[in-house]
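The values are calculated or read from the model by the stated rules, or taken from the named source; none is laboratory data. Source: prediction; values computed, not measured. Don't worry about glycine lacking a Cβ; one is built from the backbone with ideal geometry, like all the others, and counts go over all protein chains shown. Only protein heavy atoms, including side chains, enter the accessible area calculation; ligands, DNA and RNA are left aside. Shrake-Rupley method; radii C 1.70, N 1.55, O 1.52, S 1.80 Å.
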Amino acid sequence: MQIQTHELLAAVPGTVRRIHSFHYGPSAAAGKVYIQASLHADELPGMLVVWHLKQQLAQLEAAGLLRCAVVLVPVANPLGLEQVLMDVPQGRFDNESRENFNRLFLDVSQQVGDSVQDILTEDPVSNLRLIRSTLLRTLASQVPATQLHSMRLILQTLACDADLVMDLHCDFEAVQHLYLSPDFWPQVEPLARYLGAEACFLTKQAGGHSFDECFTLFWEQMQERFNGRFCAPGFAVTVELRGVADVDHRLARRDCQGMINFLMQRGVIEGQALPMPPLLNPPTPLAGVEPVKTPVGGLIVFCAQVGEYVEAGQILAEIIDPITDRVTHVACTYAGLLYVRSIRRMATAGMTIAHVAGAHAYRQGDLLSP
């Protein structure tokens, strides 16, 4: 195992922040897996899972069982990790720019495409290597303007030449769920089974150019421009490890083992993976997710639990005004799986308090939460 440190651009003199990456596997590995945690720095279950993965991978490497390189980044966002305001973590948005840490990753597809278009060969394997090396050089040539930009650039560079990218997140109160492109479902389905994911959301483009999409959309644009001229480059998936409070060794060990089994199933690790469990629920379109909003503010009393299948029109929560005694019922419009609830119990008017995964797409535009 090798540890690399990557310094972020210093915002002011005398300060230093670093990203640490842990590299496992043979020196001449044929493939690469990249796994990072806590890009939203207040989402910590993935950090614990990666800590368990570090222990497992060290043993597997010592036993000579790693066939591919595996790169782990347990703390993807040191900048957001120390943003705490009055004892409340502020890890989703950058305090200075107000940007979501998991948005606005760099799109260099035009530059890379222009660089390689006249030197591609008839060999798809060679062309994949060429595009990847050009992508790495292009990212390395970027000059970050802010500390946030430098952080995004470091993470993107670490992951850009991987065959498999897993970005570990969590939600508020939630069941395990995944986000991915529908093109990758056949490859990701075993991961969903091993993790016991209760929901898997498919979309070509969710909006905002998130970390997984900077990988997915780059290769999609390369495919549109150079159709069939390079080998399949791999895939990316966002893994939502339940809720923010689910930092638990029992859950983390289970998730870690699920990922190990998935990597064995893909041939990254030598060994016999356990038989795949059944898929708990079929994938559904991200455009079928209903954000359930409350029209009024007040005390939230939920009437349905995460993981529960709800019918169209079912009441999910009561909003109680303790001054007027008014009780407002908030119901979902569509049937589906209640997969996320807010952790807040005092609502403001117009606030999203839950999300329901429906089977049919009906939304357009940006599909992710802000």
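For the stretch 16-32, check the following and say yes or no: at least one residue is in a loop (DSSP other than H, G, I, E, B), polar (S, T, N, Q) and under 21 Å from L155 (Cβ atoms). First the steps, then the outcome.
First, pick out the residues of the stretch 16-32 that are in a loop (DSSP other than H, G, I, E, B): 16-17, 25-31.
Adding the requirement that they be polar (S, T, N, Q) leaves 27.
When the remaining residues are screened for being under 21 Å from L155 (Cβ atoms), the result is none.
Within the stretch 16-32 (the criterion being in a loop (DSSP other than H, G, I, E, B), polar (S, T, N, Q) and under 21 Å from L155 (Cβ atoms)), the answer is no, since none of the residues qualifies.
Go through the stretch 179-196 and report how many residues are in contact with a strand residue (DSSP E or B) (Cβ under 6 Å, 6 or more places away or on another chain) and surrounded by fewer than 23 Cβ atoms within 10 Å (Cβ to Cβ). Reasoning before the result, please.
Of the residues in the stretch 179-196, the ones in contact with a strand residue (DSSP E or B) (Cβ under 6 Å, 6 or more places away or on another chain) are 179-180, 182, 184, 187-188, 192.
Now restrict to residues that are surrounded by fewer than 23 Cβ atoms within 10 Å (Cβ to Cβ): 182, 184, 187.
Going through the stretch 179-196 one residue at a time, the tally reaches 3.
Scanning for something touching a His at 6+ places or on another chain (Cβ under 9 Å), of a type outside the set (A, V, I, L, M, F, W, C) and surrounded by 12 or more Cβ atoms within 10 Å (Cβ to Cβ), does the stretch 293-304 turn up at least one residue? Steps first, please.
Narrowing the stretch 293-304 to residues touching a His at 6+ places or on another chain (Cβ under 9 Å): 303.
Next, from what is left, pick out any that are of a type outside the set (A, V, I, L, M, F, W, C): none.
There is no residue in the stretch 293-304 that is touching a His at 6+ places or on another chain (Cβ under 9 Å), of a type outside the set (A, V, I, L, M, F, W, C) and surrounded by 12 or more Cβ atoms within 10 Å (Cβ to Cβ).
Give me the residue from the stretch 87-102 that is at pLDDT 95 or above and among the hydrophobic types (A, V, I, L, M, F, W, C) and, out of that set, least open to solvent (accessible area, probe 1.4 Å).
Taking the candidates together, the pick is F101.
Among the residues of the stretch 315-354, which ones are open to solvent by 30 Å² or more (accessible area, probe 1.4 Å), under 22 Å from P285 (Cβ atoms) and not in a loop (DSSP other than H, G, I, E, B)?
A331, T352
Only one of (1) within 20 Å of the chain's Cα centre (by Cα); (2) free of Cβ contacts under 8 Å to residues at least 60 places away in the same chain fails for D118. Which number is that?
Exception for D118: condition (1).
So P282 clears everything in (1) more than 27 Å from R345 (Cβ to Cβ); (2) over 23 Å from the mean Cα position of the chain (by Cα); (3) open to solvent by 70 Å² or more (accessible area, probe 1.4 Å) except one condition, right? Which one?
(2)
For the structure I just gave you, tell me whether D42 is open to solvent by 50 Å² or more (accessible area, probe 1.4 Å), closer than 20 Å to C214 by Cα and either touching a Lys or Arg at 6+ places or on another chain (Cβ under 7 Å) or part of a loop (DSSP other than H, G, I, E, B) (or both). Reasoning before the result, please.
Numbers: open to solvent by 50 Å² or more (accessible area, probe 1.4 Å): yes; closer than 20 Å to C214 by Cα: no; either touching a Lys or Arg at 6+ places or on another chain (Cβ under 7 Å) or part of a loop (DSSP other than H, G, I, E, B) (or both): yes.
The answer is no for D42.
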